[in-house]
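Beneath this line is the structure, given in structure tokens, with notes to follow.
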Amino acid sequence: MITLLINEKKYKIDVDPEMPLLWAIRDIIGLTGTKFGCGIGSCGSCKVLIDNSDVFSCMTPVSEAVGKNIVTIEGISENLQLLQKSWSDLNVPQCGYCQPGQLITAASLLNANDNPTDTDIEEAMSGNLCRCGTYQRIKKAIHHTVELKKQSK
């Protein structure tokens, strides 16, 4: 048995330790907000936070997540809540498929840098593909989140 801490809840699962974390999260645990896109760590739709850093869950074996704090898009944190509000305020998503990974990556960025520049945002978000091309709205939403955080202090 393997124990994973996901969104502040412990899950005991009986899986191969080399199984991609994505499949444990989606198929075994049932948290389906994290999406399968490419399976090779190129699109970002599968991203989750592990100890506040974004990772491609399709490329991360379950064994690498044991004993760490995992946050999926279903997890609640200040950065994710404010980002979701900004996404809504600025009407960021079109099809929405990539948005869980986009939000997770943006949360990771804001965990590390509370006032990112355009360049910081572009570099951090470069591992996430959006078929609809909402990159400029995503950048604006991240800046909007920074402003919301400043207003809430």
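The values are calculated or read from the model by the stated rules, or taken from the named source; none is laboratory data. Bear in mind the structure is a predicted one, so any value in this text is a computation, not a measurement. Cβ coordinates were reconstructed from backbone atoms using ideal geometry, including for glycine residues, and neighbour counts include every protein chain displayed. Accessible surface areas use protein heavy atoms only, side chains included; no ligands, DNA or RNA. Shrake-Rupley method; radii C 1.70, N 1.55, O 1.52, S 1.80 Å.
Counting only protein heavy atoms and using a 1.4 Å probe, what share of the accessible area of the range 32-128 belongs to carbon plus sulfur, as a whole percent?
For the range 32-128, the apolar C and S fraction of the accessible surface comes to 48 percent.
Can you give the helix-only mean residue ellipticity at 222 nm for the chain, where every DSSP H stretch with n ≥ 4 adds -39500 (n - 2.57) and the sum goes over all residues, rounded to the nearest 500 deg cm²/dmol? Could you put the intermediate results ahead of the total?
Details: 4 runs with 52 residues, N = 153.
Rounded to the nearest 500, the figure is -11000 deg cm²/dmol.
Solvent-accessible surface of the chain, taken per residue with a 1.4 Å probe and all protein chains present: 50 Å². How tilted is helix 78-89 with respect to the longest principal axis of the chain? Cα atoms for both, answer in degrees (0 to 90, nearest 10). For helix 78-89, the angle is close to 50 degrees.
Residue 86 sits among other residues whose Cβ lies under 12 Å from its own Cβ, and their net charge, with Lys and Arg +1 and Asp and Glu -1, is +3.
What FRET efficiency comes out for the pair residue 12/residue 81, r = Cβ-Cβ distance, R0 = 25 Å, nearest 0.05? List each step's numbers first, then the result.
On the way: r = 28 Å, r/R0 = 1.13.
The value I calculate is 0.30.
Seen from residue 1, the other residues with C-beta closer than 10 Å to its C-beta sum to a net charge of 0, counting Lys and Arg as +1 and Asp and Glu as -1.
Could you pull out the pairs from 85/150; 12/68; 35/153; 35/68; 10/85; 35/139 whose alpha carbons sit more than 23 Å apart here? Violating the 23 Å Cα-Cα cut-off are 35/153; 10/85.
Rounded if a/c is under 1.5, else prolate if a/b is larger than b/c, else oblate: which is the range 89-153, with a ≥ b ≥ c the root eigenvalues of its Cα gyration tensor? Note, shape of the range 89-153 comes out prolate.
Using 0.36 nm per residue and subtracting the Cα-Cα separation, the extra length available between residue 140 and residue 123 on full extension is 4.7 nm.
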